[in-house]
Amino acid sequence: MLSSADAQTIYHPWIFEGGTNFTDFHFVKQDVATQFQATNWMGKNAPTMMRIGRMIKPFITLSAIWSTVTLETDKLNKLPLQETLSGDYFWKAGLQIEYKFTNGKLLKEDYFFDPYIYTGFSMSTIDDKSYPGIPGGIGFNIWPVDYFGFNIQASYEYVFDFDDYMHYSIGLLVRFGEMIDKDKDRIPDRYDACPKIFGVEKHNGCPDYDYDDVVDSLDQCPREFGYAPS
């Protein structure tokens, strides 16, 4: 049975995020001691990242992401990279599939802290050349209210034919949309035991016309209030 709090989460399967992002090629190239001596994140302060996603199962969200960064080419060419950079423009676009821990088993679906792991496919354009890649990362959403929240992500980007890098992002989230509900009983078809007949939440979407706590399909007198046989 769904609680009203759970329903708030599953009734808004779409998310949109706007924020900023950073790349870090040094993380992969340097040892741990050197990494702690200086931060080598490269990015902008203005909004430079967008993500739109849809929950396709209680534990799976599919997202599309786009981001852009201004690189510090002089700094990067000292690493060195596989190719010497002449331009500072970088952008990344991709699809990611996210496994959510707020799936009703590990964490409650309506829990305000919403962590996930993800992978997918990306294209990174560096110096006007595009390179395919595979991200592997972790992220979490924080939902102080039902519709609005915050997101943080960090991933290792395996890039074909170029250097790997770390990618970080932070942004503001909006949650919207409703799942398919053919009988309009406010219980999504995925969770509705009687998806084509208007029902009640107490009986997982099945009808109880006389409100005697016996669903109509099991009620010998569905139009008259009575009691379940003992």
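The values are calculated or read from the model by the stated rules, or taken from the named source; none is laboratory data. Small disclaimer: the values here were computed from a predicted structure and weren't measured. For neighbour counting, all protein chains shown are included, and Cβ atoms are generated from backbone atoms with ideal geometry for every residue, glycine included. Just the protein is used for accessible areas: all its heavy atoms, side chains included, with ligands, DNA and RNA removed. Shrake-Rupley method; radii C 1.70, N 1.55, O 1.52, S 1.80 Å.
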- request: Return yes when F160 is open to solvent by 40 Å² or more (accessible area, probe 1.4 Å), modelled with pLDDT of 90 or more and in contact with a Pro (Cβ under 7 Å, 6 or more places away or on another chain) and no when it is not.
  value: yes
message: For the range 45-74, which positions are modelled with pLDDT under 90, more than 20 Å from P135 (Cβ to Cβ) and open to solvent by 70 Å² or more (accessible area, probe 1.4 Å)?
response: N45, P47, K57
statement: From the option list D189, D128, D146, D114, single residue qualifying as more than 24 Å from I52 (Cα to Cα) and either open to solvent by less than 40 Å² (accessible area, probe 1.4 Å) or in contact (Cβ under 8 Å) with a residue 24 or more places away in the chain (or both) is D128
